[in-house]
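Comments concern the structure below.
The values are calculated or read from the model by the stated rules, or taken from the named source; none is laboratory data. Computed from a predicted structure; not experimentally measured. Counting neighbours? That spans all protein chains shown, and the Cβs are built from the backbone with ideal geometry, glycine included.
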């Protein structure tokens with residue numbers, strides 16, 4: 001398994017959930033690199049799980065100085081970067097009637113502004129011909145209750161892949177988006193009481209045409225494809241990895 005042999009990857013939010021699933025999949029195909037996150041405990045456990053070839057960098061993607069330090073550190077350790085996965089992000093529940101300006105700024109800073117500047121700050125450290133992978137959400141396509149702002153941010157992220165690819169044509173850096181649906185990550189525990197998590201996951205699974213919710217490995221497999229030469233003719237594209245939730249009716 002060596003589609004990504006000698007490739008260096010940086011995955012933001014790579015310490016848990018989808019980000020860790022992506023890091024595992026990239027490593028399994030031969031990549032080395034760095035995971036970036038804010039929680040030192042989960043960074044330590046994730047990098048121990050990944051083993052040799054990966055390092056953990058504690059950094060806040062909403063802080064420009066942290067981003068610059070993270071990419072400089074990864075580049076000094078491994079050399080130029082070939083794969084950038086801008087995965088860090090989080091949803092929050094709120095309607096247009098209840099969301100405050102502070103809520104708005106916090107969500108947009110993490111889910112949109114940080115994605116834009118993650119790519120910008122990485123550019124001096126990216127090899128020409130690199131693959132940039134952004135993480136969207138099918139909330140950009142379906143109006144889930146109380147996720148209006150999150151869906152709007154992810155809609156913009158989907159557009160960024162097109163814009164970045166156009167901006168970076170001269171360097172042959174291509175940007176694409178993976179759009180997950182409901183995925184089995186620790187985020188469930190943040191929004192749902194522990195005793196209800198299994199029942200809620202089952203409810204989601206019953207609503208997914210594929211008959212189950214997604215796993216981080218599903219997103220990881222898509223990331224391997226976009227990171228590898230197999231997708232060299234894809235620029236500004238969105239891959240829906242959502243079990244059919246967006247376009248199929250069960």
**Request:** Looking for whichever is in contact (Cβ under 8 Å) with a residue 24 or more places away in the chain, more than 25 Å from residue 12 (Cβ to Cβ) and either part of a helix (DSSP H, G or I) or in contact with a helix residue (DSSP H, G or I) (Cβ under 8 Å, 6 or more places away or on another chain) (or both) here; the options are 211, 244. Which one fits?
**Result:** 211
**Request:** Within the range 157-180, identify whether any single residue is in contact with a helix residue (DSSP H, G or I) (Cβ under 7 Å, 6 or more places away or on another chain), at pLDDT 95 or above and over 26 Å from residue 123 (Cα atoms), and answer yes or no.
**Result:** no
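Matching residues to (1) surrounded by fewer than 18 Cβ atoms within 10 Å (Cβ to Cβ); (2) at pLDDT below 95; (3) under 22 Å from residue 3 (Cβ atoms):
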residue: 201; (1), (2), (3): yes, yes, no
residue: 214; (1), (2), (3): no, no, yes
residue: 231; (1), (2), (3): no, no, yes
residue: 243; (1), (2), (3): no, no, no
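Taking the options 89, 21, name whichever one is within 22 Å of residue 178 (Cα to Cα), within 12 Å of the chain's Cα centre (by Cα) and part of a helix (DSSP H, G or I).
21
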**Message:** I'd like to verify a number: residues in the range 92-135 that are crowded, with 19+ Cβ neighbours inside 10 Å and farther than 28 Å from residue 55 by Cβ, how many?
**Reply:** 1
**Request:** Sort out which residues of the range 106-165 are closer than 29 Å to residue 73 by Cβ, in a helix (DSSP H, G or I) and touching a strand residue (DSSP E or B) at 6+ places or on another chain (Cβ under 7 Å), and write them in order of number.
**Result:** 115, 118, 119, 122, 125, 157, 160, 161, 164, 165
**Prompt:** Among the listed residues 60, 44, 82, 66, which satisfies the condition of being more than 22 Å from residue 225 (Cβ to Cβ) and in contact with a strand residue (DSSP E or B) (Cβ under 7 Å, 6 or more places away or on another chain)?
**Reply:** 44
**Request:** Check 89, 37 and return the single one that is under 11 Å from residue 12 (Cα atoms) and at pLDDT below 95.
**Result:** 89
**Prompt:** Which one of these does residue 49 not meet: (1) surrounded by fewer than 17 Cβ atoms within 10 Å (Cβ to Cβ); (2) in contact with a strand residue (DSSP E or B) (Cβ under 9 Å, 6 or more places away or on another chain); (3) part of a helix (DSSP H, G or I)?
**Reply:** (2)
**Message:** Out of the residues in the range 62-82 meeting the condition of being touching a residue at least 40 places away in the same chain (Cβ under 8 Å) and part of a loop (DSSP other than H, G, I, E, B), tell me which one is farthest from the chain's Cα centre (by Cα).
**Reply:** 79
**Request:** Being without any contact (Cβ under 8 Å) to a residue 40 or more places away in the chain and part of a loop (DSSP other than H, G, I, E, B) is the filter; apply it to the range 24-46 and report the residue that is surrounded by the fewest Cβ atoms within 10 Å (Cβ to Cβ).
**Result:** 39
